[in-house]
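*Asks:* Encoded as structure tokens, here's the structure I'll be asking about.
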Amino acid sequence: MTETQKTAKLSLNGQDYELPIFSPTIGPDVLDIRKLYGQAGVFTYDPGFTSTASCDSTITFIDGAKGELLHRGYPIDQLASQSHYLEVCYLLLYGELPTAAQLEDFEARVTRHTMVHEQMHNFFRGFRRDAHPMATMVGVVGAMSAFYHDSTDIADPWQREVASIRLIAKLPTIAAMAYKYSIGQPFVYPRNDLDYAANFVHMCFSVPAEEYNVNPILSRAMDRIFTLHADHEQNASTSTVRLASSSGANPFACIAAGIACLWGPAHGGANQACLEMLKEIGSVDRIPEFIARAKDKNDPFRLMGFGHRVYKNTDPRATVLKQSADEVLELLGVEDNPLLQVAKELEQTALNDPYFKEKKLFPNVDFYSGIILEAMGFPTSMFTPIFALSRTVGWISQWKEMIADPQNKIGRPRQLYLGQTGRDYVDIENR
């Protein structure tokens, strides 16, 4: 971030105020309003913070108009097609792609921390069997600070590093345990001979009674889902992690806050909403009816999994994930799954419909990830937990960046107060 000679002039009540302008490496310029209240006695008003830069960052950049997503400058489509999740984790955490030796060391550190404290098994059993896996994850991740006291001092760089590795390593184990607990099956321990994605699939679908071999097509598809959800700039859950950490909270509490925010259907539940829409459509012969409803402005029905709030063009993540979706469906077939039959036909109908082309309502990453997870046998209740474990490295990278920022201060948004003005208390008998 560089302060240019450019300034903006704000005229207010006959008084002019000069606002400095900061220029990023890419993206729009930013007005610096930090001194505005002290000078002019006014706040800015921006519900949802959609026009406000709450921080400066070097991690992820999005250009929605161009359909561009960069991690440390690298396009997401290159990373998803040529790299793998743990290498992208290293990139997000440390700013550069690793050498072969660095990657081997990083993968070894993550692999050797995948087991959770044995007493945490008892913690799981405190939940009802029908508890949503996200409820379990919020509780268990927040409780990690009760088990790992040696990595909660955020002022110690080494403890921050240990906490980072532990969270990346243990979230797949915790998510798989939440799933196994919800279906009444025994927990499956992680295996050090499997890669990150294959290990998660194995923990979810293997049982002690028989051997389970992870198909490489499925593990590759899962790895791509992880990679494509690793970070997404200053979204709601990332901002929640940053706001929680601004108070000095321990890293496990901050990530638990991010998971809680991601649980909301407007954020992490989009692929689940997509599958629920496919269930509502029900069969291929009803697709024209729902396509017509989606085009009708007076109909509340929305075609979930198409278009994106940020990307006004093609979602760059969707192109790569479509390839994996096609591979998974070819491997597993759709003949016995009406939902997947509807998904495939709906995709082709929308891609060839002039209305959707004109509106740029293309299938997004939620559409394809939902299809893949459904085909693999995950219930919709596990879609958001998988999103959460994927996004953990992004949250941690943003958390580490914020802790190291000398400008770091506790978050304290302002408000436009529209309530009652001062008034005197009235005794109850006189009300």
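The values are calculated or read from the model by the stated rules, or taken from the named source; none is laboratory data. None of the values given here were measured: they were computed from a predicted structure. Here Cβ is always computed from backbone atoms with ideal geometry, including for glycine, and neighbour counts include all displayed protein chains. Heavy atoms of the whole protein, side chains included, go into the accessibility calculation; ligands, DNA and RNA do not. Shrake-Rupley method; radii C 1.70, N 1.55, O 1.52, S 1.80 Å.
*Asks:* Among the numbered criteria (1) within 25 Å of L228 (Cβ to Cβ); (2) open to solvent by less than 40 Å² (accessible area, probe 1.4 Å); (3) modelled with pLDDT of 95 or more, which single criterion is violated by R72?
*Replies:* It is condition (2) that R72 fails.
*Asks:* So which of Q341, Q398 ends up being open to solvent by 30 Å² or more (accessible area, probe 1.4 Å) and either in contact with a Lys or Arg (Cβ under 9 Å, 6 or more places away or on another chain) or at pLDDT 85 or above (or both)?
*Replies:* It is Q341.
*Asks:* Look at the stretch 75-119 and say how many of its residues are over 19 Å from W395 (Cα atoms), among the hydroxyl-bearing types (S, T, Y) and surrounded by fewer than 17 Cβ atoms within 10 Å (Cβ to Cβ).
*Replies:* 2
*Asks:* Please find, among D353, D315, D299, the residue that is touching an Asp or Glu at 6+ places or on another chain (Cβ under 9 Å), among the acidic types (D, E) and either under 23 Å from H84 (Cβ atoms) or surrounded by fewer than 17 Cβ atoms within 10 Å (Cβ to Cβ) (or both).
*Replies:* Going through D353, D315, D299 in turn, just one is touching an Asp or Glu at 6+ places or on another chain (Cβ under 9 Å), among the acidic types (D, E) and either under 23 Å from H84 (Cβ atoms) or surrounded by fewer than 17 Cβ atoms within 10 Å (Cβ to Cβ) (or both): D315.
*Asks:* Go through (1) open to solvent by 30 Å² or more (accessible area, probe 1.4 Å); (2) touching a residue at least 60 places away in the same chain (Cβ under 8 Å); (3) within 24 Å of F378 (Cα to Cα) one by one and return the number of the condition V310 breaks.
*Replies:* Among (1) open to solvent by 30 Å² or more (accessible area, probe 1.4 Å); (2) touching a residue at least 60 places away in the same chain (Cβ under 8 Å); (3) within 24 Å of F378 (Cα to Cα), V310 violates only (3).
*Asks:* Where residues in the stretch 237-286 are among the aliphatic types (A, V, I, L, M), over 17 Å from the mean Cα position of the chain (by Cα) and under 20 Å from P385 (Cα atoms), which of them is modelled with the highest pLDDT?
*Replies:* Across the stretch 237-286, the extreme among qualifying residues is M277.
*Asks:* Then there's this: Within 25 Å of V88 (Cα to Cα) and either open to solvent by 30 Å² or more (accessible area, probe 1.4 Å) or touching a strand residue (DSSP E or B) at 6+ places or on another chain (Cβ under 9 Å) (or both): is that true of R128 in this structure?
*Replies:* So R128 fails the test.
*Asks:* Sticking with this one: Here are the criteria: (1) among the aliphatic types (A, V, I, L, M); (2) in contact with an Asp or Glu (Cβ under 6 Å, 6 or more places away or on another chain); (3) closer than 22 Å to V138 by Cβ. Tell me which single one A257 does not satisfy.
*Replies:* (2)
*Asks:* Kindly indicate whether any position in the stretch 365-380 is of a type outside the set (S, T, N, Q), in a loop (DSSP other than H, G, I, E, B) and buried (at least 18 other Cβ atoms within 10 Å of the Cβ).
*Replies:* Checked the stretch 365-380: at least one residue is of a type outside the set (S, T, N, Q), in a loop (DSSP other than H, G, I, E, B) and buried (at least 18 other Cβ atoms within 10 Å of the Cβ).
*Asks:* Name the residue that is least open to solvent (accessible area, probe 1.4 Å), counting only residues in the stretch 54-69 that are more than 18 Å from the chain's Cα centre (by Cα) and hydrophobic (A, V, I, L, M, F, W, C).
*Replies:* C55
*Asks:* Let me ask something else. Within the stretch 109-126, can one find any residue that is among the aliphatic types (A, V, I, L, M), assigned to a helix (DSSP H, G or I) and at pLDDT 95 or above?
*Replies:* Yes, the stretch 109-126 contains a residue that is among the aliphatic types (A, V, I, L, M), assigned to a helix (DSSP H, G or I) and at pLDDT 95 or above.
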